[in-house]
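Step one of this worksheet: look at the structure below.
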Amino acid sequence: MSALSAWFWNERFWLPHNVTWADLADPAPGVEYPKAGHLFIALPLALVIFAVRIVYERFIASTCAQSLHIQTGVGRRAQPNAVLEKVFTSITKNPDSRHLDGLSKQLDWEVRKVQRWFRHRRNQDKPSTHTKFCESMWRFTFYLCIFIYGFQFLWQTPWMWDTRHCWYGYPYQVMTPGLYCYYVTELAFYWSLMFSQFTDIKRKDFLIMFIHHLATVSLISFSYVNNMARVGSLVMCVHDTSDFLLEAAKLANYAKYQRLCDFLFIVFGVVFFITRLVIYPVWVLNSSMFESWAIVGPFPSWWLFNILLLVLQVLHIIWSYLIARIAVKAMLRGKVCNDVRSDIESSSEEEPDMPTEGLKTSHSPKGENGTNGHCAAAKARAQNHSSW
């Protein structure tokens, strides 16, 4: 184990040339440099955040949902039928025309009636709008609070106004209590998201989002350990800027405030494009890649960190394209047939009757859930979501 530890914490990978771990081990009195052990507090804090979330959703968010008359049920339930239930649970939840014809003959039902049964049965397993509202309200509250805290903290730092201060004196940069609190809280929140994925609304992109949260945790931890926390705090703040707007748009969608949903989604899209395609590359990447090169010089962990930030920028471009595609479809057609990324949130509303062929149609300028196209788009996670 000692050999493995020595290999993993190789100074020539983590630190600039002519700097050793010993140089950072004994700072002056009252000075603290980042250490990997500082991050262990994030795990119990994640459990605390998870517990706070449960209480918040059960009492505060649920009360708000009830005051807005948001439904708690899932609508019409499928009538009990042992044959169809067996097919649903063990064979398929979306039978094709061959299965529909066979079941129709076996039960002496019309094909349309069999199709309707499966539609109602699928809706039984979908979360109610009330449940989705409470989850989004928790995320909105956290994202808004952490953005306000992060922005207020960074406003008082020199590297907010001159990013070269991210690298002056590196790696001998003091870890202040405010920066430590910002980092550990963000890290704990994403640990809590990993825990709560197993109890949250089940989405089709479960594995993708789990990998995303794991990558976020890894990148936050990596930037802390090699003391790139100053530029890391800028990355977190840039990403936090748009997250709460997306959740706000989803809340408006669930509450059926369509005009507010449209407005919030447009604001979210504008902020997302500005922060991810302008501020992030011009402000953060420029400092991390070019200013740091001139002031500190490259070293192995510097290369890895910047490669990860570049990958993040590629994801920003992809997400921006998909958000723009949703917005254009909404404006040109007045609806959005599907989230072009993934149908990650199942509606708790009943699906409209459709032809036997299973083609999705719309007879109004609204989305599948009876909401405006922008609102349907707001239900998607730009994720971004993500923060990192």
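The values are calculated or read from the model by the stated rules, or taken from the named source; none is laboratory data. No experiment lies behind these values; they were computed from the predicted model shown. Positions of Cβ are generated from backbone atoms using ideal geometry, with glycine treated the same way; all protein chains shown enter the neighbour counts. Please note that ligands, DNA and RNA were not included when accessible areas were found on the heavy atoms of the full protein model with its side chains. Shrake-Rupley method; radii C 1.70, N 1.55, O 1.52, S 1.80 Å.
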For region 185-297, diffusion coefficient by Stokes-Einstein and Kirkwood Rh (Cα), 4 °C, 1.567 mPa s, µm²/s: 80 µm²/s
Calculated on alpha-carbon atoms, Rg and Dmax of region 62-193 in Å: 26.5, 80
³J(HN,Hα) computed for each position of region 124-140 - Karplus, 6.51 cos²θ - 1.76 cosθ + 1.60, integer Hz, glycine/proline x: 4, 8, 8, x, 6, 4, 4, 5, 5, 4, 4, 5, 5, 5, 5, 5, 4
Per residue value of the accessible surface for region 1-65 (all protein chains in place, 1.4 Å probe), Å²: 65 Å²
Loop-located GluC sites (Glu not before Pro) in region 3-89, at most 14 other Cβ atoms within 10 Å (DSSP): Glu32
Global size of region 1-118 as Cα Rg and Dmax, reported in angstrom: 30.1, 84
Table column - 3J(HN,Hα) (Hz), region 285-296, Karplus curve with 6.51, -1.76, 1.60, x for Gly and Pro: 4, 4, 5, 5, 9, 9, 5, 5, 4, 6, 8, 10
Accessible area (Å², per residue) of region 82-125, counting only protein heavy atoms and a probe of 1.4 Å: 60 Å²
Integer Hz, Karplus 6.51/-1.76/1.60 couplings in order for region 251-267, x for Gly and Pro: 4, 5, 5, 5, 7, 6, 8, 5, 5, 5, 4, 4, 4, 5, 5, 5, 4
Distance violations [Cα-Cα > 25 Å] among Lys204/Lys329; Lys93/Lys329; Lys86/Lys132; Lys93/Lys256; Lys86/Lys113; Lys105/Lys126: Lys93/Lys329; Lys86/Lys132; Lys93/Lys256; Lys105/Lys126
Residue-normalised accessible area of region 159-234, expressed per residue, 1.4 Å probe, Å²: 36 Å²
Cleavage-rule hits (trypsin sites (Lys or Arg not before Pro)) in region 84-173: DSSP loop, at most 14 neighbouring Cβ within 10 angstrom: Lys93
log₁₀ of I(q)/I(0) at q = 0.15, 0.21, 0.24, 0.26 Å⁻¹ - region 1-47, Debye sum with one point per alpha carbon: -0.57, -0.91, -1.00, -1.04
Loop-resident sites, region 149-243, for chymotrypsin sites (Phe, Trp or Tyr not before Pro), counting at most 10 other Cβ within 10 Å (DSSP): Phe198
Portion, in percent, of the accessible area of region 82-125 that falls on carbon or sulfur, probe 1.4 Å: 46 percent
Over region 82-125: Kirkwood hydrodynamic radius from C-alpha pairwise inverse distances, Å: 10.2 Å
Kirkwood-based shape ratio for region 246-307, expressed as Rg/Rh from alpha carbons: 1.31
